[in-house]
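What follows is calculated from the coordinates using simple rules that are stated; it is not laboratory data. This is a predicted model, so every value here is computed, not measured. Methodologically, a virtual Cβ is constructed for each residue, glycine included, from the backbone with ideal geometry; neighbour enumeration extends over all protein chains shown.
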Amino acid sequence: MASQLLFFAFLAVTSSIALASDPSSLQDFCVADATSSVLVNGRVCKDPKLVEGNDFFFSGLHLAGNTSNAVGSRVTPVSVAQIGGLNTLGISVARIDFAPWGLNPPHTHPRATEILTVLEGSLKVGFVTSNPENRLISKVLQKGDVFVFPVGLVHFQQNVGHGNAVAIVALSGQNPGVIAIANAVFGSNPDIPADILAKAFQVDTNAIYGLQSKF
C-alpha cells in the first residue's frame, strides 16, 4: 500500500510538470553539474551531449531515515542537489521518517509550496497564516491523507501515534530551501544579541542564553 501511495504521489507531480512545459530535447534542460561554467537558476549546466540517465536518477527513498536525534525525525530530500536533472524543472520530493512522537519542527520553505501524503502512522500537521492574523491551521492526518502547506508559511509535522510514521512530500521547486525557525533564531552565526531576542520574546536574557546554548 505504501508503495502504491508513493507511486500516485509521483504521478501527480510529474503530470503537473508535463502540463506546464514540454521540453523537446536535452537542449531545453540545464542539468546541474559542478564542472561546468554556465550558470542557470544558480546552478552550473552540464553539456547536453554528456547528460546520462544518472543525471535524472536517485536511489534509496524506500529506506527509512535515522530518527535517533533530539527531535525524533529525519528528512531525506531529493532536490536538485541530489538529482542534477531537476534544475529548472520546479519540482522536488522528500521522505520524512518519524519516531513515536517525533517532530519535524516549525520551519518554512521560502521557494516552494509543499504537499504531504501520509504513508504510515498518524501525523498532527499545521501551518500559521501571516500577520496580523497568525492563525493556526491544523489537522490530524491518517494513512493515505494529504495536506498542503502554502509557500513561505511556518509549518510543522508531529507523529501522534505510538509507532513509527512515514510521509512523502512533493515541493513546487527544485531547490525549495528550508529555514528551521528555532535554528535560525537561536542558532545564528554569530548569535542574535540576547537583549534583542529577550525583548522580542518578552523573556529574561538568561532564558535566551539557555536556548542559544542548545543550538
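Before moving on, here are some points about what is shown:
- Label point at K139 placed 7 Å out along Cα→Cβ; residues across the stretch 110-133 whose backbone nitrogen lies under 19 Å: 113-130
- The alpha-carbon of K139 sits under 29 angstrom from the alpha-carbons of these lysines, leaving out residues fewer than 8 places away in its chain: K124.
- Note, ³J(HN,Hα) from phi for the stretch 109-118, Karplus 6.51, -1.76, 1.60, rounded to Hz, x at Gly and Pro: 10, x, 10, 7, 7, 10, 10, 10, 10, 7
- Pair R111, K49: separation of 7 Å Cα→Cβ label points (nm): 3.0 nm
- Straight-line cross-link reach from K199 at under 16 Å between alpha-carbon atoms covers no lysines, not counting any fewer than eight positions away in the same chain.
- For P150, the shell of other residues with beta-carbons less than 15 Å away shows a net charge of +1, using +1 for Lys and Arg and -1 for Asp and Glu.
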